[in-house]
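**Student:** Would you mind keeping the following structure in view while I ask a few things?
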Amino acid sequence: MDKFIIQGGKNLRGTVSISGAKNASLALMPATLLASGKYELANTPDLRDVTTMSKLLQTMGVTIERNNHTLHINTFRVNKFEAPYEHVKKMRASIYALGPLVTRYGKAKVSMPGGCAWGPRPVNLHLEALKKLGANIELDRGYIIARAKRLKAARIVFSTSSVGATGNTLMAAVLAKGTTRIENAAIEPEIANLVEMLAAMGAKIDGIGTTTLEVEGVDALHPANVSTIPDRIEAGTILVAGALCNGKIRAENCNPEHLSALIAKLKDAGMKLNIGSSFIELHAPKEIFPVDVTTAPYPGFPTDMQAQWIALMSIAKGSSTVTDTIYFDRFKHVPELIRLGANIDLNENVAVVKGVKKLIGAKVMSTDLRASAALILAGLRAEGETEVLRVYHLDRGYEAIEKKLQKLGANIKRVSGEEF
Ligand code: UD1
């Protein structure tokens, strides 16, 4: 288990290049199960979750080679239709195998994802949608068993906007018989990237970019080469690092359009921003203004940036309120930030953050991916030394984050191979 040791208080200067989006890759990779053949997925980030998804697909007979950031995937020999517990327990996005397998091969056995570090994360919407498309779904000893001859189109109205359920349903509907209508579909950029890939594979999808999608099922799809969009959460995390550390930084190879909610809040907090078509420059002011945020589905403020925003607000000049409406329990970072000197009152899903003059380094524990990012950001700002333990969470979703931060002048090092 690795840990990070950070000497805080360094001003950040310079440029970093943003990697491909984890959450897009995790949808694009299983989409290759929908048609036999060879695919190239460009701009795939080098992350633990991508490795887990690769291993999962390999257990099904898929071959995968990585050449820098391009994945070469061959799905000619898919011969097993199962996502075993050992992979699903590491990564909930393994559930994305369900839709493609049942629609293309008529059967799927996928371990039921459990909760995650911060609380329950149901998959009922995925299962209800597949049932509506005609799949027979049973739960057997921790596994979801899905069977179907050929899925049939249906009208699916999601009660909650869900990225995963939209992705799974789309992948199932593209080969179903007839025209499926998906209402209240998620419109996150990662779903748009998946839609782009499915369309390139020959899927017929109307309403792209809206919350109502119409999918006319086809008899067969063909392979396609696609580029993964930039990771808006990585870009946002880097920008908040700059905001916390008196930064003059530039995030390159990102898509500012995907970051509009965060950009508006950074401006409210007093950041000077210069925005191009694929870069964002941030110049931090001396004082950070308190700014309330409430998370919401895209294009709202992302729940995946909530923890980092609390870290930023912990040194703002005044009090702010951060509310998570997507995941009510996603606040495991709060007690750890308090160990660094932050003043935060948590009441259910609302954190009231009273800005303090300074944070002071301490040992803190990562609990999940974005909480870990928030602790690193706070450690970069804190006086003295911060140790962030159990950073394997971070490696799930950030490619070489310490190298990118070092490039900006941060004093952060990884210490490997010991038990912490
Ligand atoms: C995806 C992202 C994750 C992000 C989240 C919300 C991936 C791999 N992960 O997760 O980083 O934090 O979107 O933007 O893309 N829900 C149900 N039943 C379901 C499914 C979801 O009630 O069957 C609820 C969830 O509890 C949550 C809300 O719907 O309150 C949104 O979750 P969802 O968009 O599905 O999240 P994921 O796709 O799991």
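**Student:** Please report, to one decimal in angstroms, the Kirkwood hydrodynamic radius of segment 190-259 built from all distinct Cα-Cα pairs.
**Tutor:** 14.5
**Student:** A further question follows. Would you work out the relative contact order for the chain, in percent, from Cα pairs under 8 angstrom that are 6 or more residues apart?
**Tutor:** 21
**Student:** Can you compute the helix-only [θ] at 222 nm over the chain? Use -39500 (n - 2.57) per DSSP H run of at least 4 residues, normalise by all residues, nearest 500 deg cm²/dmol.
**Tutor:** So the helix-based figure for the chain works out to -8500 deg cm²/dmol.
**Student:** Along its three principal axes, how long is segment 22-227 when you only count alpha carbons? Whole Å, largest extent first please.
**Tutor:** So the three principal-axis extents are 40, 37, 32 Å.
**Student:** Another one. By how many degrees, 0 to 90 and rounded to 10, does the Cα axis of helix 22-31 deviate from the longest principal axis of the chain?
**Tutor:** With both axes taken from Cα atoms, the answer is about 10 degrees.
**Student:** Would you work out what percent of the accessible area of segment 22-227, with all protein chains in place, is carbon or sulfur (probe 1.4 Å)?
**Tutor:** Carbon with sulfur: 47 percent of the solvent-accessible area.
**Student:** Just to be sure I understand: of the beta bridges DSSP finds with both ends in the chain, what percent are antiparallel, rounded to 5?
**Tutor:** 75
**Student:** Radius of gyration and Dmax for segment 268-351's Cα atoms, expressed in Å?
**Tutor:** Computed over the Cα atoms of segment 268-351, radius of gyration and Dmax are 13.6, 39 Å.
**Student:** Just the number, please: Stokes-Einstein D of segment 306-420 in µm²/s, Kirkwood Rh from C-alpha pairs, 4 °C, 1.567 mPa s.
**Tutor:** Value of D from the Cα-based Kirkwood radius: 91 µm²/s.
**Student:** Kindly provide the trypsin sites (Lys or Arg not before Pro) of segment 130-183 that DSSP labels as loop, not H, G, I, E or B, and whose Cβ sees at most 16 other Cβ atoms within 10 Å.
**Tutor:** When the trypsin sites (Lys or Arg not before Pro) of segment 130-183 are filtered for loop state and at most 16 Cβ neighbours within 10 Å, R141, K149, R150 remain.
**Student:** Below 8 Å between Cα atoms, with a sequence gap of 6+, how large is the relative contact order for segment 310-411 in percent?
**Tutor:** This gives 26 percent for segment 310-411.
**Student:** Roughly how much of K332 is accessible, in Å² to the nearest 10, using a 1.4 Å probe?
**Tutor:** Near enough 90 Å² of accessible area.
**Student:** Run down the lysines and flag those whose C-alpha is under 29 Å from the C-alpha of K177, throwing out any fewer than 8 positions away in its chain.
**Tutor:** Filter leaves K38, K80, K107, K109, K131, K132, K149, K152, K204.
**Student:** If a/c stays under 1.5 just call it rounded; otherwise compare a/b with b/c (prolate if a/b is bigger, oblate if not). Do that for segment 159-198, with a ≥ b ≥ c from the square roots of the Cα gyration tensor eigenvalues.
**Tutor:** Because a/c hits 1.5 or more and a/b fails to exceed b/c, segment 159-198 counts as oblate.
**Student:** If you place +1 on the Cβ of every Lys and Arg, -1 on the Cβ of every Asp and Glu, and leave all else neutral, what size is the dipole of segment 163-225 about its Cα centre, to the nearest 20 Debye?
**Tutor:** 160
**Student:** Which order do peptides 363-369, 64-70 fall in by mean Cβ count within 10 Å, highest first?
**Tutor:** Descending mean neighbour count gives 363-369, 64-70.
**Student:** For the pair K38/M112, report the inter-label distance in nm, with labels modelled 7 Å from Cα in the Cβ direction.
**Tutor:** Between K38 and M112, the label points sit 4.2 nm apart.
**Student:** Let me ask you something else. Given the Cα atoms of segment 1-82, and with Rh set as the inverse mean 1/r over their pairs in the Kirkwood sense, what is Rg to Rh to two decimals?
**Tutor:** Looking at segment 1-82, the ratio lands at 1.14.
**Student:** Among L282, A410, S320, whose Cα sits farthest toward the positive end of the charge dipole of the chain (+1 at Cβ of Lys/Arg, -1 at Cβ of Asp/Glu, about the Cα centre)?
**Tutor:** It is A410, whose Cα lies furthest towards the positive end.
**Student:** If you project the alpha carbons of the chain onto their three principal axes, what span does each projection cover, largest first, in Å?
**Tutor:** 63, 42, 41
**Student:** Hey, in the GNM for the chain with a 10 angstrom Cα cutoff, which one of L47, L33, L312 fluctuates hardest?
**Tutor:** L47
**Student:** When the Karplus curve 6.51 cos²θ - 1.76 cosθ + 1.60 is applied with θ = phi - 60°, which whole-Hz ³J(HN,Hα) does each residue of segment 277-293 get, with x for Gly and Pro?
**Tutor:** 6, 9, 9, 9, 9, 10, 10, 7, x, 5, 10, 9, 7, x, 9, 6, 9
**Student:** Work from the charge dipole of the chain (Cβ charges, +1 for Lys and Arg, -1 for Asp and Glu, about the Cα centre) and give the residue of L151, L262, T59 farthest towards its positive end.
**Tutor:** Among L151, L262, T59, the one farthest towards the positive end of the dipole of the chain is T59.
The values are calculated or read from the model by the stated rules, or taken from the named source; none is laboratory data. Here the structure is a predicted model, which is why all the values come from computation and not from measurement. Every residue, glycine among them, receives a Cβ derived from its backbone with ideal geometry; neighbour counts consider all protein chains shown. The accessibility values were calculated without ligands, DNA or RNA, using every heavy atom of the protein model including side chains. Shrake-Rupley method; radii C 1.70, N 1.55, O 1.52, S 1.80 Å.
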